[in-house]
Structures are given as structure tokens and as C-alpha cells.
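*Asks:* Take a look at the following structure, please.
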Amino acid sequence: MIYNISFGRSLHRGKSVSCCQRRHKDDNWLSNRFDFYRLLVSETAFSLPKGLPKLPPGPRKLPLIGNLHQLLGSPPHRALRDLAKKHGPLMHLQLGEVPHVIVSSAEMAKEVMKTHDLTFATRPPLLASEVMSYGSTDIAFAPYGEYWRQLRKICTLELFSVKRVQSFRHIREEETSNLVKWVASNAGSPINLTQKLFSTNYGATSIAAFGKKFKEQEEFISVVTEANKLAAGFEVGDVFPSSKWLHVISRMKPRLEKLHRQADHMMNNIIRERREERAKRRDDETRHDDLIDVLLRFADPGGPEFSLTADNIKAVILDIFVAGGETSATQVDWALAEMMKNPRILKKAQAEVREVFDRRGKADEMGLPELEYLKLVIKESLRMRPSVPLLLPRECGERCEINGYEIPVKTKVVVNAWAIGRDPKYWDNPEVFYPERFKDSPVDYKGTSFEYIPFGAGRRMCPGMNFGIVNVELPLAMLLYHFDWELPEGMKREELDMSELLGATQRRKRDMYLVPKPYQPTFTGSDLPL
């Protein structure tokens with residue numbers, strides 16, 4: 001399962017509660033966490049003994065808890081950015097027992113993810129990934145080594161190749177068509193577009209992974225969402241690894257284990273059904289392989305030399321489901337919100353989409369390559385609002401020196417991609433949403449421009465980038481083509497809430513309600529009729 005190091009609480013959708021109730025719950029959680037650490041220490045600073053290595057600069061630490069108290073109360077990527085402004089782009093923090101180095105500049109990110117990429121290629125152990133991802137045997141958190149290299153090869157050549165991603169075109173178009181029809185059926189009234197975007201994306205990911213929407217899908221989504229919510233906040237047992245009893249006190253481990261059992265049961269049913277189908281399949285029978293078919297080939301007797309166990313397959317499927325269902329929908333939601341705040345950009349993107357699709361006489365995925373301005377909008381949303389603002393943590397595998405500072409073995413290294421994307425050193429007016437900044441620019445998100453790394457870089461770069469991008473482009477293009485969008489009556493653009501949730505992904509804090517007004521295509525026979 002894909003997780004991000006985070007030092008706050010994620011507030012996810014569930015039962016309806018008021019904003020005041022959410023704030024009260026979050027304040028209580030922060031207060032309880034802080035009270036817990038106050039029981040461990042007195043609030044007096046201490047000096048490190050002489051003779052220790054020259055570590056990167058950082059704020060003064062308190063006994064036992066280190067710098068944990070400085071990360072409570074605000075989104076972690078923002079808190080870390082503010083600390084880095086005072087202490088530098090390579091900053092040392094002590095979080096409980098675990099040393100951390102926070103990277104907040106393109107130059108330092110290049111050192112970690114290119115110059116010393118192999119040194120920082122492994123992942124640190126975290127409770128959530130150990131429990132939910134079958135001992136961290138997924139692609140996101142597997143330790144660097146032969147197993148991870150083989151799994152990465154499967155992802156690159158089989159699961160997320162250009163050909164494989166293109167083969168899911170009919171799934172994306174069908175699910176997007178259902179989204180358009182649902183929106184059209186509610187035309188003229190405020191709709192919760194955020195909620196529907198996530199439902200659509202999870203549905204498309206489910207079909208790509210399992211070949212169908214299975215009967216337990218809603219329950220499975222609920223389990224995965226709850227697991228992500230628990231994994232989003234830092235766990236006291238992870239920052240105090242020598243004190244295993246803290247897992248018991250926090251109740252985190254038993255809660256994760258319960259969710260794991262539920263997810264495991266549902267995935268076992270899916271795998272069993274698919275194996276039975278494959279056993280009955282004739283040799284001459286042709287069938288479009290979904291992702292679970294691809295993975296099962298590596299578990300067949302007499303199959304490839306590198307083999308996967310059933311647990312390995314389930315760990316990878318969880319990765320795909322979480323990444324495909326969460327991050328792409330988050331990005332579409334942010335892009336639409338930014339355009340609603342900027343009517344000039346909305347009008348320009350909409351005009352391009354309609355000109356291209358009307359000229360082609362068809363609104364489908366084949367027209368996406370011509371949508372140059374829409375691609376700029378998506379690039380800008382990835383810069384300002386990356387769905388994963390803090391890249392997944394790396395761990396130093398051997399003693400390393402960067403910029404004159406020593407990085408000790410076992411240090412966790414966290415790259416603040418959000419802070420780098422808003423640094424005025426690399427970007428003019430970085431707080432302004434301006435897609436045109438990418439026009440004729442060589443800067444891209446493919447891992448070579450370290451001032452712009454929404455998908456990471458180096459060996460541990462996100463292997464599902466192509467899968468994710470097209471899952472953003474298509475629904476965004478279709479929503480812009482088929483509808484004009486207005487805010488609910490009486491609401492002003494400046495009142496649209498752009499605040500963030502405290503969590504692993506940078507979701508919007510409140511769902512976005514918009515009023516759709518249908519657009520009549522200039523051609524007939526649209527594949528996505530209203």
C-alpha cells in the first residue's frame with residue numbers, strides 16, 4: 001500500500017459532521033498527542049555531546065521527543081517548509097528516536113535522488129506498510145534489493161507499460177461516460193463533484209485491476225480508505241521503534257490488523273475466482289488481461305523464473321488500488337478548483353477542449369494529445385497542489401556526505417516536493433496559478449527536472465505515472481467539454497475553500513459543490529451522450 005510520511009491527522013470523508021465538529025476532533029487529537037509527549041519529557045532544550053558527526057543544521061531538540069512538537073497543528077509539508085526557511089534546504093530533525101533529514105531544494109533533491117540515489121534507494125520500515133502490505137512486499141515500500149528490482153521490472157514492462165495503459169482506454173471512457181451521464185442527470189442543481197470524482201476513479205481502477213466491479217467493492221474501498229486514514233498520521237510506535245508497547249497503547253496495530261484481515265478476505269475471493277476462470281479457459285480462447293491476470297502469470301507453476309506468492313500479488317494490488325483511486329481523483333479535484341478560482345483559465349481550457357473535440361467530431365481519449373493548454377493546467381496543478389506533497393521516505397543505507405554534512409546510516413530522508421514547487425528561487429510568482437509558465441518550457445515531471453518532482457525521481461520514482469496522468473486528463477477534459485460550471489447561488493469565487501486536509505495525500509479539506517450547465521456538442525453521435 002502506498003503511504004507517505006506525515007506528521008498530522010487526515011480527515012477523510014465518512015459520516016457527515018459539521019466543520020466545527022471536525023475542527024474540535026482534530027484539536028482534541030493534536031492535544032492528546034502533545035499531552036502524551038509532555039508526559040515523557042520536561043520542556044528544556046539540551047546540547048548534543050561532542051564528537052558526533054557534523055549533521056545538517058536544524059532546530060533545537062527537546063529530550064526524547066526531539067522536534068515532534070514543532071510539527072503539530074499544521075499540514076506537515078507547510079510546517080517543514082517553514083522550518084527549512086530558517087534552517088536550510090538540508091535540515092536535520094529528530095523525531096522521537098528516529099533521525100530525519102528534510103530536503104527542500106532542487107539541488108539537495110538531486111543529491112539524494114540522482115548523485116546518491118543508490119545510497120537512498122531503500123525504504124524505512126513503517127507499521128502501516130508492514131501490516132497492510134504483507135510485510136512491505138509491495139512496490140512502494142519493499143526494501144531495495146533483488147525482490148524489489150524484479151517487482152519494479154514487472155511494473156515497468158507489464159503493469160504500467162504504455163501498451164498496457166492504452167489497453168485500458170475502453171474502461172476509462174466507459175467510466176467517464178457514466179460520470180458525464182450522472183452529472184447531466186443533475187444539471188442545474190449543486191452536485192458534490194468531489195465525491196463523484198473519487199467514486200468514478202475507484203471504479204475505473206477496480207475494473208483495470210480485477211476486470212470488473214466486484215460485489216464487495218464498496219466495502220473494499222471503505223477498508224482501503226480507513227487504512228489510509230490511519231497511515232496518514234505519524235504513529236508513535238514508528239518514531240519510538242524500541243518501545244513496542246506504544247503500538248498497544250495507541251491501538252494502531254490492532255486496528256490495522258483488523259482492516260488487513262478484511263481486505264485479505266476480499267482479495268482472496270477475487271484471486272480464487274480468477275484462478276478458477278483461468279483453469280476453465282480454453283487454450284485458444286482470447287481474453288483481455290487485466291492487472292490481476294498479469295500478476296497471476298508470475299505465480300503459475302512453470303511460469304517465469306521470478307515468481308510471486310499470493311501475498312505478494314495482494315500487496316501490489318493494494319498499491320494499484322490506493323494510488324489509482326486516490327491520487328488521480330485528488331488531482332482532478334484540485335485542477336477544477338483552481339480553474340473555478342480563475343475564470344480566465346477555465347474559459348481558455350474549455351475553449352480548447354471544445355474546439356478540438358468539435359473539429360474531430362468525437363469526444364474521446366484519442367483527442368487528448370491535441371489538448372496542449374489542458375496539459376499545462378495539469379502541470380501547474382501538479383506544481384502547486386501535488387497529491388503527494390511529501391515524497392515517500394527513503395532511508396540512508398550507508399554513511400554519506402551531502403553539501404559538507406554527514407547523513408548517518410538509518411536516517412530517514414523526506415523530500416518536500418511541495419516546498420520545492422513553490423520556491424521563488426525556481427518559479428516566478430510561485431503562489432499564483434499560471435499554466436502558461438510551462439509553455440515552451442523544458443521542465444517536465446519525468447524525474448529529470450528536480451525543481452518539479454510530483455512523481456519523484458530516481459530508482460524509486462512512481463512507476464505508475466503514465467497510468468495516473470491519463471486518469472487525470474480524460475475526466476477533466478470531458479467535464480470541461482460537456483458542461484459549463486458555476487458556483488452555487490450566492491457563493492463568490494473567493495469563498496471557494498482551498499484549504500488542505502492533514503494527511504498523506506493533499507486532498508481538499510471540503511468537498512466541492514458545483515452547478516453543471518450542459519453544453520450541446522456541434523456533432524451528433526457522441527460516444528458520451530447527454
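None of the figures in this text is laboratory data; all of them are computed from the coordinates on show. Because the structure is predicted, anything quoted here is derived from the model rather than measured. Note that each Cβ is placed from the backbone with ideal geometry, even for glycine, and that neighbours are counted across all protein chains shown.
*Asks:* I need to check one value: relative contact order of region 19-518, counting alpha carbon pairs closer than 8 Å and at least 6 residues apart, in percent.
*Replies:* Contact order relative to length: 23 percent.
*Asks:* Pairs to check: Lys215/Lys379; Lys341/Lys425; Lys85/Lys379. Give those whose C-alpha atoms are more than 30 Å from each other in this structure.
*Replies:* Correct reply: Lys215/Lys379.
*Asks:* Now for a different question. Hey, can you rank 269-281, 508-520, 391-403 by average C-beta count inside 10 Å, highest first?
*Replies:* My ranking of the peptides, most packed first, is 391-403, 508-520, 269-281.
*Asks:* Here's something else I'd like to know. Sort out for me the Cα centre separation of region 403-441 from region 151-176, rounded to whole Å.
*Replies:* Between the Cα centres of region 403-441 and region 151-176 lies a distance of 29 Å.
*Asks:* Okay, moving on. Between Asn403 and His170, what length comes free when the chain is fully extended (0.36 nm per residue of separation minus the Cα-Cα distance, one decimal in nm)?
*Replies:* Working it through step by step, the gained length comes to 78.9 nm.
*Asks:* Between Asp440 and Glu97, what is the label-to-label distance in nm when each label sits 7 Å out along the Cα-to-Cβ direction?
*Replies:* According to this spin-label approximation, the distance is 5.7 nm.
*Asks:* Around Phe240, which amide H atoms from residues at least 5 apart in sequence, or from another chain, sit under 5 Å from its own amide H, with H modelled in the peptide plane?
*Replies:* So Phe240 has HN proximity to Glu97.
*Asks:* FRET efficiency for Arg344 and Arg297, Cβ-Cβ distance as r, R0 = 51 Å, nearest 0.05?
*Replies:* 0.55
*Asks:* Hey, with R₀ at 56 Å, roughly what FRET efficiency would His288 and His69 work out to, going by the Cβ-Cβ distance, to 0.05?
*Replies:* 0.55
*Asks:* Could you give the length gained on full extension between Trp245 and Ser307, defined as 0.36 nm per residue of separation minus the Cα-Cα distance, in nm?
*Replies:* Between Trp245 and Ser307, full extension yields an extra 18.7 nm.
*Asks:* Next up: Give me a comma-separated list of calculated 3J(HN,Hα) values for region 155-165, in order, Karplus coefficients 6.51, -1.76, 1.60 applied at θ = phi - 60°, integers in Hz, x for any Gly or Pro.
*Replies:* For region 155-165, the Karplus curve yields 5, 6, 8, 10, 6, 10, 5, 4, 5, 5, 4 Hz.
*Asks:* For region 199-211, in order, what is each residue's ³J(HN,Hα) by Karplus, 6.51 cos²θ - 1.76 cosθ + 1.60 with θ = phi - 60°, in whole Hz (x at glycine and Pro)?
*Replies:* 4, 5, 5, 5, x, 5, 5, 4, 5, 4, 7, 10, x
*Asks:* Taking H as built 1.01 Å from N, whose amide H comes closer than 5 Å to the amide H of Leu62, not counting residues under 5 places away?
*Replies:* Placed amide hydrogens put Asn67 under 5 Å from Leu62.
*Asks:* Can you work out the FRET efficiency for the pair Met491 and Glu218, with r the C-beta to C-beta distance and R0 = 25 Å, to the nearest 0.05?
*Replies:* Plugging the Cβ-Cβ distance into 1/(1 + (r/R0)^6) gives 0.20.
*Asks:* Report, to the nearest 10°, how far helix 310-322 tilts away from the longest principal axis of the Cα atoms in the chain, using its own Cα long axis and a range of 0 to 90°.
*Replies:* Its long axis makes an angle of about 70 degrees.
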